[in-house]
1. So Asp360 fits all but one of (1) in contact with a strand residue (DSSP E or B) (Cβ under 8 Å, 6 or more places away or on another chain); (2) over 19 Å from Thr277 (Cα atoms); what number is the exception?
2. Can you find even one residue in segment 139-153 that is assigned to a loop (DSSP other than H, G, I, E, B), within 28 Å of Thr315 (Cα to Cα) and either among the aliphatic types (A, V, I, L, M) or modelled with pLDDT under 85 (or both)?
3. Hey, among the residues in segment 140-150 that are surrounded by fewer than 20 Cβ atoms within 10 Å (Cβ to Cβ) and closer than 17 Å to Asn193 by Cα, which one's nearest to the chain's Cα centre (by Cα)?
4. Look at segment 241-252 and say how many of its residues are farther than 12 Å from Val274 by Cβ and part of a strand (DSSP E or B).
5. Scan segment 191-204 and report the pairs whose first residue is in contact (Cβ under 8 Å) with a residue 40 or more places away in the chain and whose second residue is exposed (fewer than 14 other Cβ atoms within 10 Å of the Cβ) and of a type in the set (Asp, Glu), with Cβ atoms within less than 9 Å and a gap of 6+ or a chain change.
6. Could you tell me which residue of segment 342-369 is surrounded by the fewest Cβ atoms within 10 Å (Cβ to Cβ), considering only residues that are basic (Lys, Arg) and without any contact (Cβ under 8 Å) to a residue 60 or more places away in the chain?
7. Does Arg285 satisfy the condition of being under 20 Å from the mean Cα position of the chain (by Cα) and among the charged types (D, E, K, R)?
Amino acid sequence: MIHRAFLPLVAFSAFLLLTHAQAQEWSRFRGKDGAGVGKMTGLRNEVRASDYAWSTPLDGVGHSSPVLWGEKLFLTLAAADGTNRRLECFDAATGARQWSWEAPVEGHNLHNFNNFASSTPVADSDRIYAVWGSGKRTEAIALDHAGKLVWKREWPEFTSDHGFGASPILSDGVLIIHTDSVERRKSLVMGLNPATGESLWELERTTPGTEEKHLTAYSTPVSMSVDGKEIVVVVQTNDGWKGLDPKSGKVLWGYDGEYNQRSVGSIAPGRGTVFATFGSGGQGRQGTALRPKASGEPDVVYALGLSDGLGYVPTPLYYEGRLYLWGDGGILACLDAETGKGIYKERVGGNFFASPLAVDGKLLNLSREGELVIVEAGDTFKVLGRSNLGSGSSASPAVANGRLYLRTEAALICIAGS
């Protein structure tokens, strides 16, 4: 029997455990494990402005997604004229802006659809981390939860040809950065000490033999447990997939795949399998599902092509035994996750750069035209609702603490469930 005097302590401990679990719901791009699956009930199929829990205007542009730790929401923004960049903190319950950290930006080449705030930050209980480009260098920063700069790292003469897209992640206590450099014709994966920014290891990916094959990667890695061992999975055109030890950077396995197109959408994990797509604008597509091992070559589960419904920018989604491919041009394909066999391929409509997520038996995504589309999960295609948010978006939604967070070009929006 627990003595009555200890009940408050037990209750407080339970509260801390619950808060810690909730805090990690969406601390990185696409949430826990990068899977894009959230916990929320009572999400309306259609919403109006009067249904918002809150909406906060945004002063700046960005394609990055919101991330959260407890009731703190973090977001990167860039000035519309490209002169500065900010990392801002909001109260996740009210939308009130708590602080803003600003730094100047040296311009560099950008794709017409990109901007200077595209990479999503990652958070832990102590700090918030961001990676971006400035001039001909890559920068990584860490701020504490009060907005104070803890450390900053720079890699000179190291930048991406179309701007940044990949987001940092944390794996087994190591900050993982994956980025490509068109200037030096190579790609690096780096493991940093989150407390200091010091490099624990740096791995150079294979330098292509010909300039024609070098196609910059923009995909965000995933961290997953395989046979009781934590591994980081990265993918890049020039030498395909790699499974890495997050502590040492040691290459545990590799798979080439003979890819000849860019990896833009990020890696989707699900039930011990990883899937990623490769593409090049409106041209062909390649997609591979692998089952990683702790060591040794991974099993190739299946390979897909353009006719299977592969997208280019949106990240695929594993959910309840199915693989969903939400295409840039508004085509949604549903496949059997184990075999890759098609179940349906239907037109949703609209144009999409954001990646879909799943919550409470529903799939949802946010279009570049500013429409929130909700589709029923399952073998039958059914659009449950469409909501006009009044402004376009290329940022993937986030779910934490029973709330849905949406970033549009004009505002940060919170929609509460029941």
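The values are calculated or read from the model by the stated rules, or taken from the named source; none is laboratory data. Because the structure is a prediction, the values reported are computed rather than measured. Methodologically, a virtual Cβ is constructed for each residue, glycine included, from the backbone with ideal geometry; neighbour enumeration extends over all protein chains shown.
1. In the conditions (1) in contact with a strand residue (DSSP E or B) (Cβ under 8 Å, 6 or more places away or on another chain); (2) over 19 Å from Thr277 (Cα atoms), Asp360 misses (1) alone.
2. Narrowing segment 139-153 to residues assigned to a loop (DSSP other than H, G, I, E, B): 145-148.
Checking the rest, the ones that are also within 28 Å of Thr315 (Cα to Cα) come to none.
Within segment 139-153, not a single residue is assigned to a loop (DSSP other than H, G, I, E, B), within 28 Å of Thr315 (Cα to Cα) and either among the aliphatic types (A, V, I, L, M) or modelled with pLDDT under 85 (or both).
3. Only one residue fits best here, namely Asp144.
4. 3
5. Listed pairs, sorted by first residue: Gly191/Glu202; Leu192/Glu198; Pro194/Asp126; Ala195/Asp126.
6. The selected residue is Arg347.
7. When the stated conditions are applied, Arg285 does not pass them.
Okay, residues lined up against (1) touching a Pro at 6+ places or on another chain (Cβ under 9 Å); (2) not charged (D, E, K, R):
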{"site": "Asp308", "(1), (2)": "no, no"}
{"site": "Val313", "(1), (2)": "no, yes"}
{"site": "Glu320", "(1), (2)": "no, no"}
{"site": "Asp328", "(1), (2)": "yes, no"}
{"site": "Glu338", "(1), (2)": "no, no"}
{"site": "Lys345", "(1), (2)": "no, no"}
{"site": "Asn351", "(1), (2)": "no, yes"}
